[in-house]
Amino acid sequence: MGATGVSQHVVSAMQLTGTAGDMQLPGARRALVQNMGGVGVANYVSVLEAV
């Protein structure tokens, strides 16, 4: 996972903690991040949930 995948996780965590400012989606409880690396041979999926 590179910089794009890390930034996707950061933005998702901000949504779940209510700190996304103008981009905030009301009531966000879960987030799914999908990222492909290289020529599509490395695929990653993360499911995040607010607790």
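The values are calculated or read from the model by the stated rules, or taken from the named source; none is laboratory data. Everything quoted here is computed from the prediction, not taken from an experiment. All Cβ positions, even for glycine, are placed from backbone atoms using ideal geometry, and neighbour counts span all protein chains on display.
Answer yes or no: is there a residue in the stretch 26-34 that is without any contact (Cβ under 8 Å) to a residue 40 or more places away in the chain, of a type in the set (D, E, K, R) and in contact with a strand residue (DSSP E or B) (Cβ under 7 Å, 6 or more places away or on another chain).
Scanning the stretch 26-34 turns up at least one residue that is without any contact (Cβ under 8 Å) to a residue 40 or more places away in the chain, of a type in the set (D, E, K, R) and in contact with a strand residue (DSSP E or B) (Cβ under 7 Å, 6 or more places away or on another chain).
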Restricting the stretch 12-50 to residues that are of a type in the set (Gly, Ala, Ser), at pLDDT 95 or above and part of a strand (DSSP E or B), the residue that is farthest from residue 2 (Cα to Cα)
31
